[in-house]
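I have placed the structure first, in the form of structure tokens, so that the comments after it can refer back to it.
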Amino acid sequence: MALALAELSSDNLPGVIRLPPAPGEKSTVAPVAWSIAEAYVTPTAWPRAILDDDEVVGFVMANWDPDSEIEAFRGGIWRLNVADEAQGRGIGRFAVEQIAAEARRRGYDKITVLWEPGADGPEQFYLKVGFRITGELFGETVGELAV
């Protein structure tokens, strides 16, 4: 495996948009197309394709806004989507590690992530990669990871 993060481009965009969930599909994560639109209108958003060689295997979007009034939105993961066939191969962990490394480069000492609570949600994944639950915001669980 040769994993890397890449800026969105005309080459990887079709693969990124095909990642689950599809628009309208019930999920605890927003469709990637929604995330891309959100990034377009949010200057602090940092969307990236996750590539294995040249194949799109995931999408991650961070946010870097140290002046946000909401502490949980100052720096961290807004979205993380991994292709169904690529799950269980360490791609989500790789994405978290890359966001943590970018946070350190930017001078952050922690990153956050929010997720919907529930049995089918990502809570176990985030806890397994080192996030600790620090509270709740807008009905979602807030996790924090020291970087």
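Every number here is computed from the coordinates shown, using simple stated rules; none is lab data. Remember, predicted model here, so these are calculated numbers, not experimental data. Neighbour counts run over all protein chains shown; Cβ positions are idealised from the backbone, glycine included.
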Checklist line | 15 Å beta-carbon shell around residue 89, net charge (K/R +1, D/E -1) | finding: -4
Checklist line | Loop chymotrypsin sites (Phe, Trp or Tyr not before Pro), segment 118-147 (other Cβ atoms within 10 Å of the site Cβ: 15 or fewer; DSSP) | finding: 138
Margin query: So if each residue of separation counts as 0.36 nm, and I subtract the Cα-Cα distance between residue 2 and residue 101, what length gain in nm does that give?
Written below: 33.9 nm
Checklist line | In degrees, nearest ten, helix 91-105 long axis to first principal axis of the chain (Cα) | finding: 60
Check: Using a basic spin-label model with each label point 7 Å from the Cα along Cα→Cβ, how many nm lie between residue 119 and residue 68?
Finding: 3.1
Notebook entry, point to check: So which trypsin sites (Lys or Arg not before Pro) in segment 1-94 are both in a DSSP loop and have at most 16 other Cβ atoms within 10 Å of their Cβ?
Noted result: 18, 26, 89
Next item on the list: Determine, for 127, 8, 80, the number of other Cβ atoms within 10 Å of each Cβ, and report the residues in order from fewest to most.
Entry: 127, 8, 80
Next item on the list: Using only Cα atoms, find the angle between the long axis of helix 32-41 and the longest principal axis of the chain, and express it within 0 to 90 degrees, rounded to the nearest 10.
Entry: 60
Checklist line | Estimated dipole of the chain in Debye, rounded to 20 [Cβ of Lys and Arg +1, of Asp and Glu -1, Cα centre] | finding: 280
Checklist line | FRET efficiency estimate (nearest 0.05) - Cβ-Cβ, residue 128 to residue 33, R0 35 angstrom | finding: 0.80
Check: By its C-alpha gyration tensor, with a ≥ b ≥ c as the square roots of the eigenvalues, how is the chain shaped: rounded for a/c under 1.5, else prolate for a/b larger than b/c, else oblate?
Finding: rounded
Notebook entry, point to check: In deg cm²/dmol and to the nearest 500, what is the mean residue ellipticity at 222 nm of the chain if only DSSP H runs of at least 4 residues count, each as -39500 (n - 2.57), divided by the residue total?
Noted result: -7000 deg cm²/dmol
Check: In what order do 147, 129 fall by count of nearby beta-carbon atoms within 10 Å, going from fewest to most?
Finding: 129, 147
